[in-house]
1. In the stretch 30-67, what residues are without any contact (Cβ under 8 Å) to a residue 12 or more places away in the chain and in a helix (DSSP H, G or I)?
2. As an exercise: evaluate residue 198 against (1) touching a helix residue (DSSP H, G or I) at 6+ places or on another chain (Cβ under 9 Å); (2) more than 30 Å from residue 222 (Cα to Cα); (3) exposed (fewer than 15 other Cβ atoms within 10 Å of the Cβ) and give the number of the one condition it does not meet.
3. Determine whether residue 205 is touching a helix residue (DSSP H, G or I) at 6+ places or on another chain (Cβ under 8 Å) and closer than 20 Å to residue 98 by Cα.
4. Checking the condition surrounded by 20 or more Cβ atoms within 10 Å (Cβ to Cβ), more than 21 Å from residue 212 (Cα to Cα) and out of contact with any strand residue (DSSP E or B) (no Cβ under 7 Å at 6 or more places or on another chain), which residue from 52, 90 passes?
5. Could you give me the residue pairs with C-beta distances under 9 Å whose first residue belongs to the stretch 105-116 and is in the same structural domain as residue 164 (by TED's automatic domain parsing), whose second residue is part of a loop (DSSP other than H, G, I, E, B) wherever it lies, and which are 6+ apart or on separate chains?
6. Hey, can you tell me all the residues within the stretch 129-141 that are surrounded by 12 or more Cβ atoms within 10 Å (Cβ to Cβ) and free of Cβ contacts under 8 Å to residues at least 12 places away in the same chain?
7. Looking at (1) more than 20 Å from residue 209 (Cα to Cα); (2) surrounded by 14 or more Cβ atoms within 10 Å (Cβ to Cβ), which is the one condition that is false for residue 95?
8. Regarding the stretch 202-221, can at least one residue be identified that is over 30 Å from residue 76 (Cα atoms), surrounded by 12 or more Cβ atoms within 10 Å (Cβ to Cβ) and over 23 Å from the mean Cα position of the chain (by Cα)?
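The values are calculated or read from the model by the stated rules, or taken from the named source; none is laboratory data. Source: prediction; values computed, not measured. Virtual Cβ from ideal backbone geometry, glycine too; neighbours counted across all protein chains shown.
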């Protein structure tokens, strides 16, 4: 008896830009940027690539929209209450971005390539408002906000890259111990400082170190006033 040909599951909801972007985020988390194609996205949404093109012009716009969706969710509710200091608001935003890029490493990669697109501007705007709340002189606000933005995105992106470089199932403590041991055995003349901090690498916490860096920048910004 002839079998019925397999057909894609019918969509339960009408196709929309929001559904496409949500599916793109899931696909990027699963297979990365190289695996994000309109064909693969169409299979996931049970539709054809042509229907997706009706809502999204191309892969670049799709990446922008997916990144913007993650960033928007990260900074949602950033309108803080009156009891929150600008420093606390910046720390909260920084941690949110750090965790979002760790969960979605492709976000950090795409943000690094799109300095002045909408997702980056959202982050820059929220940092800038808190810099203004710190009463930083107007002439120094761009520099202060840029320094915070670049540190937050740079360190968060590097942390995500480091996490991906470690083989799945590897014990983090054992991995750091191995790296610290290798540092301690470096040439003492060429790597005197690196050898001296090898022990700190064994017990450091990535998020705590990240926030300590944010605090160093905030201290410098306020001290210059």
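1. 30, 31, 34, 35, 39, 42, 49, 50, 60, 61
2. The failed condition is (3).
3. On the way: touching a helix residue (DSSP H, G or I) at 6+ places or on another chain (Cβ under 8 Å): no; closer than 20 Å to residue 98 by Cα: yes.
So residue 205 fails the test.
4. 52
5. Note: pairs meeting the criteria are 105/32; 106/32; 106/36; 110/117; 111/117.
6. Initially, the stretch 129-141 is screened for residues surrounded by 12 or more Cβ atoms within 10 Å (Cβ to Cβ), giving 129-134, 136, 140-141.
Residues satisfying the conditions are 129, 132.
7. Unmet condition: (1).
8. yes
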